[in-house]
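Report on the following structure.
Values quoted throughout were computed directly from the atomic coordinates according to the rules given, and no laboratory measurement underlies them. Note that this is a predicted model, so its numbers are computed, not measured. Virtual Cβ from ideal backbone geometry, glycine too; neighbours counted across all protein chains shown.
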Amino acid sequence: MSSNTFGKLLSVTTFGESHGPAIGCVIDGCPPGIAISPEDFRHDLERRATGRTRHTSQRHEADEVEILSGVYEGVTTGTPIALLIRNTDQRSKDYTNIAEQFRPGHADYTYWQKYGIRDPRGGGRSSARETTMRVAAGVIAKKWLAERFGVRVQGYLSQIGDITPHGIDLSVVEDNPFFWPDPRQVTELELYMDALRKSGDSVGARVDVIAEGLPPGWGEPIYGKLDGELAAALMSINAVKGVEIGDGFDAVAQKGSEHRDHMAPTGFASNHAGGVLGGISTGQPLRCSVAFKPTSSLRLPVDSLDVHGNVVEVVTTGRHDPCVGIRATPICEAMVALVLMDQALRHRAQCGDVGQVSPRVPGASAASAATDRDDSRPVGDAPTGKPAAGKR
């Protein structure tokens with residue numbers, strides 16, 4: 001099994017390479033009756049796309065979605081939905097010099113070891129170009145979750161290098177090219193990225209995703225845990241090296257009396273668990289945090305090996321992101337939405353007859369979930385100076 005499919009009741013299979021003629025996906029298990037048109041995909045695909053600002057790769061793809069099946073007269077039919085996007089701006093010649101070289105930090109060597117062959121053009125299947133189809137599939141999941149349950153999934157960039165937000169205002173995230181929640185820092189980020197790009201180096205980033213409106217009960221108690229499947233889905237994104245649910249690794253330094261989320265008839269007192277207990281949603285906002293490594297494609301020379309075992313100097317030319325996390329927000333949102341839709345369908349299949357069980361503890365809002373960190377304050381109440389790097 002080649003593992004190009006994820007999900008159980010809602011399954012998504014992606015196909016295609018970075019410099020192939022097209023990329024695509026097949027979405028199986030989608031309920032009928034969801035209104036979908038090619039225009040519905042445009043907004044999120046533009047949010048993910050390269051070439052929209054000087055801070056990302058300058059590859060310009062049209063990203064026009066063709067709906068090949070599963071939709072009739074503008075609504076889903078319940079049969080497999082096939083989506084296709086044709087690649088229009090490949091520059092394969094940029095990879096001629098490294099066709100027989102292993103780029104440090106890339107999947108070149110591991111693909112070679114696994115398959116005995118690899119597509120060097122843009123990384124082939126290991127390219128972030130593949131995530132375009134995840135975002136497209138996520139559009140359908142977001143729409144169904146919102147219409148059926150009122151669930152809203154929103155992400156934002158919560159760290160670039162050592163820079164973290166002074167405050168969190170989710171209403172401004174879409175107003176800047178960084179998906180940054182504090183508008184006062186946008187100029188600082190632009191200067192930082194300009195200097196980074198000029199130096200030829202790259203930097204990592206962190207993306208936070210909040211899903212608000214989940215009912216309690218989604219997720220399965222052992223191998224289908226909601227947080228476990230979220231972690232697997234988010235770790236499957238290119239360049240991701242860490243996933244946290246709720247307080248994540250900060251829980252190591254917490255006392256149990258602090259970490260446990262006190263319940264009262266008026267609601268939960270906190271959300272250190274990130275909206276999941278025992279692998280099942282609590283009804284609080286779901287909180288995920290995703291760590292992206294620095295981009296490995298650099299014009300700075302580095303020693304490596306070629307396919308013959310010889311030492312070579314590798315210099316990567318072409319169009320690359322100085323920080324892949326900048327356009328990762330819609331990708332993370334899509335993966336969270338797809339997991340949630342799959343879990344919702346699985347819950348309905350087994351436990352749809354259970355109905356609402358009393359008592360039901362009210363959940364908090366997404367705004368409070370976003371600021372449920374020691375150093376996060378609403379915009380306008382920021383401390384002097386920058387918070388410490390990585391401080392939660």
Report task. Just rank LEU234, LEU189, LEU340, LEU68, fewest to most, by other beta-carbon atoms within 10 angstrom. Result -> LEU68, LEU189, LEU234, LEU340
Query raised in the report: How far, in nm, would the chain grow between GLU174 and GLU147 when pulled straight, counting 0.36 nm per residue and subtracting the alpha carbon separation?
Result: 7.6 nm
Query raised in the report: Taking only C-alpha pairs under 8 Å that are 6+ residues apart, what is the relative contact order of segment 5-370 in percent?
Result: 22 percent
Query raised in the report: What full-extension length gain, to one decimal in nm, is calculated for SER270 and VAL307 as 0.36 nm per residue of separation minus the Cα-Cα distance?
Result: 8.0 nm
Report task. Give, as a single signed number, the net charge of other residues whose beta carbon lies under 15 Å from the beta carbon of PHE149, with Lys and Arg counted +1 and Asp and Glu -1. Result -> +4
Query raised in the report: If the limit is 24 Å between Cα atoms, which of LYS8/LYS225; LYS225/LYS293; LYS114/LYS198; LYS8/LYS143 go over it?
Result: LYS225/LYS293; LYS114/LYS198
**Report entry** Gain on full stretching of the segment that runs from THR110 to SER358 - 0.36 nm per residue minus C-alpha separation
**Finding:** 84.2 nm
Report task. Towards the positive end of the charge dipole of the chain, with charges on Cβ (+1 Lys, Arg; -1 Asp, Glu), say which of GLY279, VAL311, LEU230 has the farthest Cα. Result -> VAL311
Query - Protection proxy ranking of 251-258, 270-277, 197-204 - average other beta-carbon atoms within 10 Å, highest first - result: 270-277, 197-204, 251-258
Requested in this report: Based on a Kirkwood Rh over C-alpha pairs, give the Stokes-Einstein translational diffusion coefficient of segment 181-228 at 20 °C and viscosity 1.002 mPa s in µm²/s.
Outcome: 144 µm²/s
Query raised in the report: Roughly how big is the chain's charge dipole about its Cα centre, with Cβ charges of +1 (Lys, Arg) and -1 (Asp, Glu), in debye to the nearest 20?
Result: 300 debye
Report summary line: Rounded to the nearest 0.05, FRET efficiency between SER199 and SER236 (Cβ-Cβ, R0 35 Å) equals 0.70
**Report entry** Helical mean residue ellipticity (222 nm; -39500 (n - 2.57) per DSSP H run of 4+; nearest 500) of the chain
**Finding:** -7000 deg cm²/dmol
Query raised in the report: Mind checking Rg over Rh on the chain, alpha carbons, Kirkwood formula for Rh?
Result: 0.97
